[in-house]
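Chemist: The structure is given below, and queries will be raised subsequently.
The values are calculated or read from the model by the stated rules, or taken from the named source; none is laboratory data. Given the structure is predicted, the values throughout are model-derived calculations rather than measurements. Every residue, glycine among them, receives a Cβ derived from its backbone with ideal geometry; neighbour counts consider all protein chains shown. What goes into the accessible areas is simple: the full protein's heavy atoms, side chains included, and nothing from ligands, DNA or RNA. Shrake-Rupley method; radii C 1.70, N 1.55, O 1.52, S 1.80 Å.
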Amino acid sequence: MTPESGADEILLTTCPRDCYDSCGIVVVKRGGVVSAVRGNPAHPVSRGTLCGKCSTAYNREWRDPERRLTQPLRRVARKGGGTFEPVSWDAAISEIAESLQRITDSHGAASILNAHYTGTISLLAGIAPMRFFNRLGATEISPDTICNMAGHVALRYLYGTSLVGFDPRAARDAECIVVWGANPHASAPHAHDHWLPEARGKVVVIDPVRTPTAVRADIHLQPFPGSDAALAFALLHVILREGLVDDAFIAAHVEGWDELRPSVAACSLEWASRSTGVPIAAIEEVARLYARGPSLLWLGQGLQRQTTGGNVIRACALLPAVTGNLCKPGAGFLYLNGSLKQRGMDEDYLSAPHLGSGQAPTISHMDLVDALEDPTRSRALFVWNMNPLASCPQQTRLRRALEREDLLTVALDLFPTDTTQLADYVLPAASFLEFDDLVASYFHLTLSAQTKVMEPIGDSLPNQEIFRRLARAMNFTEGEFHETDADMLATLLARSGLPETFASLSAKGSIWVPTETAVQFENRVFDTPSGRIEFASARAAADGLPRIPECRSDPRPSSGNLRLLSPADAWLLNTSFGNVSKIGKRLGKATIALNPLDAAERHLEDGEAAVVRNDFGSLELQVLVSADLPRGVALTHKGRWLGFDPAGANVNVLNGGFKSDMGESTAVHSVEVVVRRASDLHARP
Ligand SMILES: Nc1nc2c(c(=O)[nH]1)N[C@H]1C(S)=C(S)[C@@H](COP(=O)(O)OP(=O)(O)OC[C@H]3O[C@@H](n4cnc5c(=O)[nH]c(N)nc54)[C@H](O)[C@@H]3O)O[C@H]1N2
Ligand SMILES: Nc1nc2c(c(=O)[nH]1)N[C@H]1C(S)=C(S)[C@@H](COP(=O)(O)OP(=O)(O)OC[C@H]3O[C@@H](n4cnc5c(=O)[nH]c(N)nc54)[C@H](O)[C@@H]3O)O[C@H]1N2
Ligand code: SF4
Ligand SMILES: [Mo]
């Protein structure tokens, strides 16, 4: 790349946030110092621009030693008091190792909880720490249960995998793209800006909220949250009635159509329209368009964060197989392209499950607070790549549980967060700009280099190095704990069969794997017990679930209640960037959007303060009256930091942690609340 004026070096790297886009980045260095982090014009996704949040944060707080954690810290005084003293790495590591040994001897390693998620999705920093936890035998807080586990389980019953979706490049052959329960405007900004507008087919968005992506779509269906299985069955009903079923595809690849067909035939369009709020004519139009195909179906993660989210995904995912929109160009469905194998990456090599006994327990994030409240179940908690106090349910109880003086909490982060405030040891993690790694996008089929462009700030270290040091301090002698980052990157790439070294990949930024557009399930092999697509699943039945997806809809909220959605905010990435001043100014006060009739019924006006509450907590939010929402639905966003709210809480103070029907996964979009004028409540004696 040609250096721009005044730049003495230009480096390519990749954004490793938990985002569909995995943008390519250009880093400009002047006088040996990073002077700008921006989009790589040559990158097929970012095309020269990063999203607003990253271009803001990466050029400010993320490189600011005054804002980052720079030294290991040890708590002094009361737990949660937020007073820490700096300690050396050696002292921190040896003290933590000694405590872990003591806990293992007295209570067993299963009483050490490992809570982590996707603060970074780069491979070494995201996965290699699992070597330590597998060897230790700690209890893992099942990562995906905070996000998307219901959908994974549902798709595994049906197709045998949730991790191999359509290749987005297939859009060039698609006549129709359905975006169902995803909001790329916020969660995949470049898919919103480029991929969808450039698609030649018609775009259908199915979302209770009239999102900016829905506004731009050719057709927007606006179902009530949790009613999507009814909508899917109604679409199937039209497809069956009008002879649009692909019988040949079903005969060749599907188990259980005969079992399912009666409930499809019996699904009344009048009932479905009443349950979902979607007009019959719109259901018919989308059914015909989708069935004609070739069609792509993007199943978003918002779709399954419901008490019946597993059934919803199972029902929606019937569509590609019933209409034969699969195994051919321009067709398929996508939940996540999360298979690292597809990109040639050996995940087991990185996480080394063989180091454990194979019986390491896991528990759901929905049950984390129960485990933390019980000193017989939890003696220590590790938190890395995550800010659970802000992102997990049962916030009030969680805070109290984290205040337990007899719980050893070790938190790794780039910044002092709501969660690190409650830790015993806070360990400074290096940012993605400060070490080499690899990033595999979970949407586009890219493999990218995350290239070190500057030295770690202060004494910070990459996650994998912190756990390597802890492993050695605990006398874990296995070779895995002696491999350097460079060793691991070289091994990963050597095993991938790709003609790349880290240096060659870093020079390119990103490559496509495979080079040409992939056809989903091209070999027509499905990793289910029958080897076919299982509409009827004996495995689901054995797990206590219905054998076939059910035509049903969540009941509407009880009288006076609203269903509260809290999806991704365009200016936050989960909780990341909640501490970025410029973004905070832009975000302003946290809002709750209400349909004009719901607002009027509560005598609430735009801009007024509302108290939002339920059995789990209460939160003051500013009312935003918006015709973009159906009646009965309220909208706020996830990711605010508690420390920036006058009451020290965010939306998860309202989340009771109810589970979805599959995978013990979050049902956060099923939360119900009562909304009232704050002034009425304050006026009360
Ligand atoms: N109400 C509500 N709550 C939700 C959701 C919702 O829709 N509504 N969504 C849920 C979903 S989908 C998810 S995925 C979770 C996400 O919840 P979290 O995983 O808690 O959110 P993140 O912001 O991704 O947390 C990442 C933390 O990792 C830190 N980090 C970044 N890079 C590194 C690194 O290299 N090393 C270390 N050690 N730390 C790093 C960041 O500074 C940040 O503090 O939230 C869930 N919570
Ligand atoms: N800017 C930004 N980008 C992000 C994130 C972020 O926090 N901020 N988070 C990242 C993470 S961890 C994840 S998991 C993804 C999530 O990104 P998405 O897959 O887009 O999921 P959500 O943002 O949870 O919700 C998407 C849409 O689902 C809709 N929805 C909610 N309930 C229902 C329902 O019952 N039916 C239907 N049809 N739609 C429903 C919501 O109104 C919302 O518009 O985004 C990633 N990208
Ligand atoms: S968060 Fe997403 S859109 Fe923003 S720079 Fe990173 S990958 Fe790109
Ligand atoms: Mo997520």
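Chemist: Looking at 46, 99, 94, which one is over 20 Å from residue 579 (Cβ atoms), assigned to a loop (DSSP other than H, G, I, E, B) and hydroxyl-bearing (Ser, Thr, Tyr)? Let's see the steps before the verdict.
Modeler: Details: 99 fails: assigned to a loop (DSSP other than H, G, I, E, B); 94 fails: assigned to a loop (DSSP other than H, G, I, E, B).
Sole residue among the options that is over 20 Å from residue 579 (Cβ atoms), assigned to a loop (DSSP other than H, G, I, E, B) and hydroxyl-bearing (Ser, Thr, Tyr): 46.
Chemist: Can you tell me how many residues in the range 396-414 are open to solvent by 10 Å² or more (accessible area, probe 1.4 Å), within 23 Å of the chain's Cα centre (by Cα) and of a type in the set (A, V, I, L, M, F, W, C)?
Modeler: Number satisfying all stated conditions: 1.
Chemist: Further question: Identify the single condition in (1) under 25 Å from residue 23 (Cβ atoms); (2) part of a helix (DSSP H, G or I) that residue 38 does not satisfy, given that it satisfies every other one.
Modeler: It fails just one condition, (2).
Chemist: Just to check your reading of the model, which residue among 75, 67, 60 is within 30 Å of residue 423 (Cα to Cα), surrounded by 19 or more Cβ atoms within 10 Å (Cβ to Cβ) and more than 12 Å from ligand 3 (Cβ to nearest atom)?
Modeler: Working: 67 fails: surrounded by 19 or more Cβ atoms within 10 Å (Cβ to Cβ); 60 fails: surrounded by 19 or more Cβ atoms within 10 Å (Cβ to Cβ).
That would be 75, the only listed residue that is within 30 Å of residue 423 (Cα to Cα), surrounded by 19 or more Cβ atoms within 10 Å (Cβ to Cβ) and more than 12 Å from ligand 3 (Cβ to nearest atom).
Each row is one residue, and each column tells you yes or no for (1) surrounded by 24 or more Cβ atoms within 10 Å (Cβ to Cβ); (2) among the polar types (S, T, N, Q).
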position	(1), (2)
266	no, no
271	no, no
289	no, no
293	no, no
304	yes, yes
346	no, no
351	no, yes
356	no, no
359	no, yes
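Chemist: Also, I was wondering about something else. So how many residues does the range 112-130 have that are more than 16 Å from ligand 2 (Cβ to nearest atom) and touching a His at 6+ places or on another chain (Cβ under 9 Å)?
Modeler: Matching residues across the range 112-130 total 2.
Chemist: Do the conditions hold for residue 648, that is, is it away from ligand 4 (no atom under 16 Å from the Cβ), without any contact (Cβ under 8 Å) to a residue 24 or more places away in the chain, in a loop (DSSP other than H, G, I, E, B) and surrounded by fewer than 21 Cβ atoms within 10 Å (Cβ to Cβ)?
Modeler: Values: away from ligand 4 (no atom under 16 Å from the Cβ): yes; without any contact (Cβ under 8 Å) to a residue 24 or more places away in the chain: yes; in a loop (DSSP other than H, G, I, E, B): yes; surrounded by fewer than 21 Cβ atoms within 10 Å (Cβ to Cβ): yes.
Yes, satisfied.
Chemist: Still on this structure, I have one more. Mind checking which helices (runs of 4 or more DSSP H) fall wholly inside the range 478-546 and carry at least 2 residues that are touching an Asp or Glu at 6+ places or on another chain (Cβ under 8 Å)?
Modeler: Counting at least 2 such residues, we get 485-496, 502-508.
Chemist: Are any residues in the range 108-136 within 11 Å of ligand 1 (Cβ to nearest atom) and under 18 Å from residue 473 (Cα atoms), and if so, which ones? Before you say what the answer is, go through the steps one by one.
Modeler: The initial filter retains those residues of the range 108-136 that are within 11 Å of ligand 1 (Cβ to nearest atom), namely 115-122, 124-126, 129.
The answer is 129, and nothing else.
Chemist: Would you confirm, using the coordinates I've provided, whether residue 469 is of a type in the set (Lys, Arg) and either under 20 Å from residue 119 (Cα atoms) or surrounded by fewer than 20 Cβ atoms within 10 Å (Cβ to Cβ) (or both)? If you could, list the steps in order and put the result at the bottom.
Modeler: Working: of a type in the set (Lys, Arg): yes; either under 20 Å from residue 119 (Cα atoms) or surrounded by fewer than 20 Cβ atoms within 10 Å (Cβ to Cβ) (or both): no.
Spelling it out, it is not the case that residue 469 is of a type in the set (Lys, Arg) and either under 20 Å from residue 119 (Cα atoms) or surrounded by fewer than 20 Cβ atoms within 10 Å (Cβ to Cβ) (or both).
Chemist: Hand me the list of strands (runs of 3 or more DSSP E) wholly inside the range 155-242 holding 1 or more residues that are surrounded by fewer than 23 Cβ atoms within 10 Å (Cβ to Cβ) and at negative phi. Can you show your working first?
Modeler: On the way: elements: 176-180, 202-206, 219-221.
Where strands (runs of 3 or more DSSP E) fall fully within the range 155-242 and carry at least 1 residues being surrounded by fewer than 23 Cβ atoms within 10 Å (Cβ to Cβ) and at negative phi, they are 202-206, 219-221.
Chemist: What is the number of the single condition among (1) surrounded by fewer than 19 Cβ atoms within 10 Å (Cβ to Cβ); (2) charged (D, E, K, R); (3) in contact with a strand residue (DSSP E or B) (Cβ under 9 Å, 6 or more places away or on another chain) that residue 563 does not meet?
Modeler: Unmet for residue 563, out of (1) surrounded by fewer than 19 Cβ atoms within 10 Å (Cβ to Cβ); (2) charged (D, E, K, R); (3) in contact with a strand residue (DSSP E or B) (Cβ under 9 Å, 6 or more places away or on another chain): (1).
Chemist: To continue, here is another question. Which one of these does residue 472 not meet: (1) touching a residue at least 60 places away in the same chain (Cβ under 8 Å); (2) under 17 Å from residue 91 (Cβ atoms); (3) more than 29 Å from the chain's Cα centre (by Cα)?
Modeler: For residue 472, the exception is condition (1).
Chemist: Now for a different question. Among the residues of the range 103-112, is any of a type in the set (Ser, Thr, Tyr), at pLDDT 95 or above and open to solvent by 30 Å² or more (accessible area, probe 1.4 Å)? If you could, list the steps in order and put the result at the bottom.
Modeler: Here is the first cut: in the range 103-112, the ones of a type in the set (Ser, Thr, Tyr) are 104, 106, 111.
Narrowing further to those that are at pLDDT 95 or above: 104, 106, 111.
Restricting the remaining residues to those that are open to solvent by 30 Å² or more (accessible area, probe 1.4 Å) gives 104, 106.
Yes, the range 103-112 contains a residue that is of a type in the set (Ser, Thr, Tyr), at pLDDT 95 or above and open to solvent by 30 Å² or more (accessible area, probe 1.4 Å).
Chemist: Scan the range 570-591 for residues that are within 16 Å of ligand 3 (Cβ to nearest atom), among the β-branched types (Val, Ile, Thr) and under 11 Å from residue 637 (Cα atoms) and report the count.
Modeler: Counting residues in the range 570-591 that are within 16 Å of ligand 3 (Cβ to nearest atom), among the β-branched types (Val, Ile, Thr) and under 11 Å from residue 637 (Cα atoms) gives 1.
Chemist: Kindly list the number of the only condition in (1) modelled with pLDDT of 95 or more; (2) more than 16 Å from ligand 4 (Cβ to nearest atom) that fails for residue 80.
Modeler: Answer for residue 80: the failing condition is (1).
Chemist: Scan the range 4-50 for residues that are more than 16 Å from ligand 2 (Cβ to nearest atom), without any contact (Cβ under 8 Å) to a residue 24 or more places away in the chain and within 16 Å of residue 451 (Cβ to Cβ) and jot them down.
Modeler: Taking the range 4-50 and keeping what is more than 16 Å from ligand 2 (Cβ to nearest atom), we get 4-13, 24-38, 40-44, 47-48.
Checking which are without any contact (Cβ under 8 Å) to a residue 24 or more places away in the chain leaves us with 5, 9-10, 31, 36, 38, 41, 48.
Once the filter is applied, which keeps residues that are more than 16 Å from ligand 2 (Cβ to nearest atom), without any contact (Cβ under 8 Å) to a residue 24 or more places away in the chain and within 16 Å of residue 451 (Cβ to Cβ), the range 4-50 yields 9, 10, 36, 38.
Chemist: Okay, moving on. Of (1) at pLDDT 95 or above; (2) over 13 Å from residue 593 (Cβ atoms); (3) assigned to a loop (DSSP other than H, G, I, E, B), residue 627 satisfies all except one. Which?
Modeler: Evaluating residue 627 over (1) at pLDDT 95 or above; (2) over 13 Å from residue 593 (Cβ atoms); (3) assigned to a loop (DSSP other than H, G, I, E, B) leaves (2) as the failure.
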